[in-house]
1. Grab the DSSP H runs of the chain that are 4 residues or longer, score each as -39,500 (n - 2.57), total them, divide by all residues and round the 222 nm result to the nearest 500 deg cm²/dmol.
2. Which order do THR171, THR154, THR51 fall in if you start with the one that has the fewest other Cβ atoms within 10 Å?
3. So what's the net charge close to ARG147: Lys and Arg +1, Asp and Glu -1, counting the other residues with Cβ under 11 Å from its Cβ?
4. Going by Cα centres, segment 157-186 and segment 131-150 are how many Å apart?
5. Highest mean first, how do 204-217, 97-110 rank when packing is the count of other Cβ atoms within 10 Å averaged over residues?
6. Between LEU186 and residues 5 or more places away or on another chain, which pairs have amide H atoms under 5 Å apart, with H built 1.01 Å from N, and which residues are they?
7. Relative to the longest principal Cα axis of the chain, at what angle does helix 32-48 sit, 0 to 90 degrees, rounded to 10?
8. Order by neighbour count: ASP167, ASP33, ASP180, fewest other Cβ atoms within 10 Å first, most last.
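A short reminder: the numbers here are calculations on the coordinates, not readings from a lab. None of these values were measured; they are calculated from a predicted model. Cβ coordinates were reconstructed from backbone atoms using ideal geometry, including for glycine residues, and neighbour counts include every protein chain displayed.
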Amino acid sequence: MTTETTTASLEGVERSARAAWEARASLLTASDDQIDAALRAVADHLLAAETVVLEANSEDLSRGQEVGLPASLVDRLRLDPERLAQMAAQLRALAGLPVEPRSRWVRDLPNGLRLEEHRRPVGVIGANFEARPNVVVDVASQLLKSRNAGVLRTGSAALRSAACLMDQVITPALATAGLDPAAMQLVRSADHDGAYALVRQPQRIPLVILRGSGTSTRLLSQEAARCG
């Protein structure tokens, strides 16, 4: 990678991390009903944007076939009306799940003190995952349910679909529910420098989920540990 590419990737991730960090309060202070309304809004926007989402996905599929991706990987890239409907159903199911209590009693100690467990959102969580566009919605919805802002990065093969899902579905859905639309961010760079930049932001992204296996995931894990 060139120095220019590395710098652009780092600056892009830094902007996304800053935006998500500043927007995290919107999720922390939202009501449970508002969070669930946002999830249902994602489902609504997903179905409403079916045409434009499938057009973006078609570009990813064509590009994948041009560069010789195996048929199994091309199928993982593929979205269709049935898969979008399944994604929408999963979003509505998640919205209907009861919220975990933020505090719960554990036990009373012999000295009379009461031991309680308190759950708090991380704030901003990063996620680096394989080139599957449905995972963009899956991860964003799980973060939203847990009241965490997110900075997401997918493989380059799914970047057009991912960008469309973020811009046409997730971002407007957050706004519809009265939440800060900047709470969910997508890394737009297709190079691996973007993944390394993601794990080098511990002040604003204290936790990064690394999905996948192999050398690249192992190296990212090592870099995340090095950066604290």
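1. -17500 deg cm²/dmol
2. In order of increasing Cβ crowding within 10 Å: THR51, THR171, THR154.
3. +3
4. 10
5. Packing proxy ranking, top to bottom: 204-217, 97-110.
6. LEU152
7. Its long axis makes an angle of about 10 degrees.
8. ASP33, ASP167, ASP180
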